[in-house]
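Colleague: Here it is: the structure, laid out below.
Every read-out reported here was derived from the displayed coordinates using simple, explicitly stated rules and does not represent laboratory data. Computed from a predicted model, the values in this text were never measured in an experiment. All Cβ positions, glycine included, derive from the backbone under ideal geometry; neighbour counts span all protein chains shown.
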Amino acid sequence: MTTTAFAFIVAAYLLGSLSFAVIVSKAMGMADPRSYGSGNPGATNVLRTGKKLAAVLTLLGDGAKGWVAVALTAWFGPQYGLGEQAIAMSALAVLIGHMWPVFFGFKGGKGVATAVGVLFGFNIWLALAAIATWLFMAFVVKISSLSAIVACVMVPVYAYFIVQPSSPYFGTCIIIAILVIHRHKSNLIKLLTGQEGKIGEKAEKKGN
């Protein structure tokens, strides 16, 4: 790995470490999203406060950083001899930064919005396919976590046909799916026990 590639990857990780759920909530005078509901600093948990604008800003911020990390490496990387491999590594770095942010004690979100932003950076049709899957599942079951898990399972399938198996992006999509599903392990337990909340439910203090 070259020094330049390493610099892009570190920059992507630091960008990913910006938790917009925490930043937006603080800016709008709201409680820390890690202190209520699921305790997850993400748009779905912020929505539980009833503050739709805060949830939308969180969603856009977390998604945008995923896209920016990929786009910047794609735009400027070739000047330094960097190709798809470096772009793929930056994509993983921004997602890992979101999940384990250095700025917030390595306690981050589950990565759904950031992963979608990354997919937009890879291929717009791949991202739209993932979003369509999430929306369909959300409409049917009204459970964000289950919708995200199903979408993650399908992303490598879509990637196989859209970006081709020979591309570094295909392998990256598999890793992204594994990471996001791993971050939803507590939700899987709640789903199995019938305790998982539905989209838009009001928040309670964490632990209640």
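Colleague: Taking 0.36 nm per residue of sequence separation and subtracting the Cα-Cα distance, how much length would be gained by fully extending the chain between SER35 and ILE23, in nm to one decimal?
Modeller: Result: 2.9 nm gained on full extension.
Colleague: Charges at C-beta only: +1 for Lys and Arg, -1 for Asp and Glu. How large is the resulting dipole of the chain about its Cα centre, in Debye rounded to 20?
Modeller: 740
Colleague: If amide H atoms are built 1.01 Å from N in the plane of the peptide, which residues on other chains or at least 5 residues away come under 5 Å of the amide H of TYR36?
Modeller: Under 5 Å from the amide H of TYR36: LYS206.
Colleague: Report the residues of segment 29-44 in range of a label on ILE189: point 7 Å along Cα→C-beta, backbone N strictly under 16 Å from it.
Modeller: Those under the cut-off are 38-40.
Colleague: For the pair GLN85 and ALA7, how long in nm is the line joining their label points, each one 7 Å along Cα→Cβ?
Modeller: Distance between the two pseudo-spin positions: 1.9 nm.
Colleague: What list of ³J(HN,Hα) couplings, whole Hz, do you get for segment 22-28 from phi and the Karplus terms 6.51, -1.76, 1.60, once you set θ to phi - 60° and write x for glycine and proline?
Modeller: Once rounded to whole Hz, the list reads 6, 5, 5, 4, 5, 5, 9.
Colleague: In nm, give the distance between the simple-model label positions of ILE178 and PHE139, each being 7 Å from the Cα along the Cα-to-Cβ direction.
Modeller: With each label point 7 Å from Cα toward Cβ, the separation is 3.3 nm.
Colleague: Label-point separation (nm) for PHE103 and ILE131, each offset 7 Å from Cα along Cα-to-Cβ?
Modeller: Distance between the two pseudo-spin positions: 2.4 nm.
Colleague: Convert each backbone phi in segment 182-194 into a coupling constant with the Karplus relation 6.51 cos²θ - 1.76 cosθ + 1.60 (shift: θ = phi - 60°), then list the ³J(HN,Hα) values in order as whole Hz, x for Gly and Pro.
Modeller: 4, 5, 9, 4, 5, 5, 4, 5, 5, 4, 5, 9, x
Colleague: Under the classification rounded if a/c is under 1.5, otherwise prolate if a/b is larger than b/c and oblate if not, where does segment 3-193 fall, given a ≥ b ≥ c as square roots of the Cα gyration tensor eigenvalues?
Modeller: oblate
Colleague: Now a separate question. Compute the distance from the alpha-carbon center of segment 46-84 to that of segment 87-132, in whole Å.
Modeller: 7
Colleague: Could the peptides 141-149, 81-89, 94-102, 27-35 be put in order, highest first, of the mean number of other beta-carbon atoms found within 10 Å of their residues?
Modeller: 94-102, 141-149, 81-89, 27-35
Colleague: So what J values fall out for segment 30-40 if you push phi through Karplus, 6.51 cos²θ - 1.76 cosθ + 1.60 with θ = phi - 60°, rounded to Hz, Gly and Pro as x?
Modeller: Calculated HN-Hα couplings, in order: 9, 5, 4, x, 7, 9, 8, x, 7, x, 8 Hz.
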